[in-house]
Amino acid sequence: MTRTILLAAVIAFVVTAVIGKPLIRWLQKQKFGQKILEIGPKWHMNKQYTPTMGGFMFMIGITVSMLIMAFLLGVFTGGSAGVGSFFSVWILAVVYGCVGFVDDWAKIKKKENAGLTPKQKLALQVVVAAVFVSLLHLAGDLPLSADGGVYLPIPGTDLTLTLPWVVYLIFAVFAIVAENNAVNLTDGIDGLAAGVTLPVAVFFIALNHSVNLGATVFAAALVGALCAFLIYNFNPAKVFMGDTGSLFLGGAVAGLAFAAGQPLLLLPVGLIYLIETVSVVLQVTYFKLTHGKRLFKMAPIHHHFEMCGWGEKKIVFVFAGITVIMCILSWMLI
């Protein structure tokens, strides 16, 4: 298994790194540049028209890695796992990446930082999540009870809830969509979303290695691809991942947790995603209740720290470091 994990990661790294420069040049040629919000930090304006949709870089790297590993492991001939089961998390992530692409494309066409409407994006996210969880259920990749319910382990305890299928489906759709949007909010400065997701992906390699082969290979490929992507995305970024990349990552993280049968671990390992989301909710609520006052200098919270004088690199290292600590603590809870 160790060789499988390393090979998947290496293939994804090499492919992502090699296609990086050509993809950036192509995005520049197509004038697929990011429009920067005027309400954001003023020093972000020098990033205006930096190529976006760079998420295609690691999406392609991971896809190539998954296909090669599936061939080597005999997945297509029924040797190691069902094709659908092997690719389930990858499919979820790619479809969410496609939703992000539609959003990015709409932004470019409108020449502003607004793509799909919130209702349109939410509807697509809900449908994708529902289909994914239903496929896991049909493939037998969920921890099912004798009466057809689904087990939901409580991290750090010996307790396990048994939820009726319909209740579990509702919970799962909410959790996946919430995680998807949380990762999207985290993608606000150079290298942050990729830097925070990297240790999360390593954690899910360990969590899935004895549970779901496809999810393990996917997590390994995700680690390799993100390491390569950070070559181009770390401050100063030569390319942004866009919603194409951030929604892909959100789907990947959520999918890996559900494939392992441990969705509640999304809370501790994804603490930074959670804090980013809560900061936005608190900011908006406080703003409305106080008729214009702000709780933070700016939300999501990484921008608050920027306004306090933190550099982008410092924020990335601190947030990624917190994630590493939370992943270690989460492993101790299992």
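Based on the Stokes-Einstein relation at 4 °C and a viscosity of 1.567 mPa s, and on the Kirkwood radius from alpha carbon pairs, the range 83-203 is assigned a translational diffusion coefficient of 79 µm²/s.
So what does the Cα-only Debye profile of the range 268-319 read at q = 0.28 Å⁻¹, as log10 I(q)/I(0), no solvent term? Results for the range 268-319 at q = 0.28 Å⁻¹ read -1.03.
Charge dipole (Cα centre; +1 on Lys/Arg Cβ, -1 on Asp/Glu Cβ; no other charges) of the range 149-290 amounts to roughly 60 debye.
Taking 47, 288, 121 as the candidate residues, the one with maximal mean-square fluctuation in a Gaussian network model of the chain, Cα springs under 10 Å, is 288. Counting heavy atoms of the protein chains alone, residue 105 has an accessible area of about 100 Å² for a 1.4 Å probe.
Residues considered: 240, 204, 171. Largest GNM mean-square fluctuation over the chain, using C-alpha springs under 10 Å, is found at 171. The orientation-averaged projected area of the convex hull spanned by the Cα atoms of the chain comes to 17.1 nm².
Select from 199, 89, 289 the residue farthest towards the positive end of the dipole of the chain; place +1 on Cβ of Lys and Arg, -1 on Cβ of Asp and Glu, and compute about the Cα centre. After comparing all options, I get 289. Among the listed pairs 119/288; 21/121; 107/297; 107/238; 21/47, those whose Cα-Cα separation exceeds 28 Å are 21/121. Applying the Kirkwood pairwise sum to the alpha-carbon positions of the range 151-256 produces a hydrodynamic radius of 15.0 angstrom. Of the residues 302, 209, 291, the one with the largest accessible area comes first in the ranking 291, 209, 302, computed with a 1.4 Å probe on protein heavy atoms.
Taken about its Cα centre, the chain carries a charge dipole of about 1300 debye when Lys and Arg each add +1 at the Cβ and Asp and Glu each add -1 at the Cβ. The modelled label-to-label distance for the pair residue 334/residue 134, using points 7 Å beyond Cα in the direction of Cβ, is 3.0 nm. Among the helices of the chain, those built from whole DSSP H runs whose Cα atoms reach 27 Å or more along their own axis and whose mean Kyte-Doolittle hydropathy is at least 0.0 are 2-29, 88-110, 118-138, 165-186, 213-233, 312-333. Taking Cα centre as origin and charging only the Cβ of basic (Lys, Arg, +1) and acidic (Asp, Glu, -1) residues, the dipole magnitude of the range 260-334 rounds to 280 debye.
Per residue of the chain, the DSSP helices (runs of n ≥ 4 H) give a summed -39500 (n - 2.57) that works out to -22500 deg cm²/dmol at 222 nm.
The values are calculated or read from the model by the stated rules, or taken from the named source; none is laboratory data. Predicted model only: the values in this text are computed from it and were never measured. Please note: Cβ atoms are built from the backbone with ideal geometry, for glycine as well, and neighbour counts cover all protein chains shown. The protein model used for the area step is the full one, side chains on, heavy atoms only, and it has no ligands, DNA or RNA in it. Shrake-Rupley method; radii C 1.70, N 1.55, O 1.52, S 1.80 Å.
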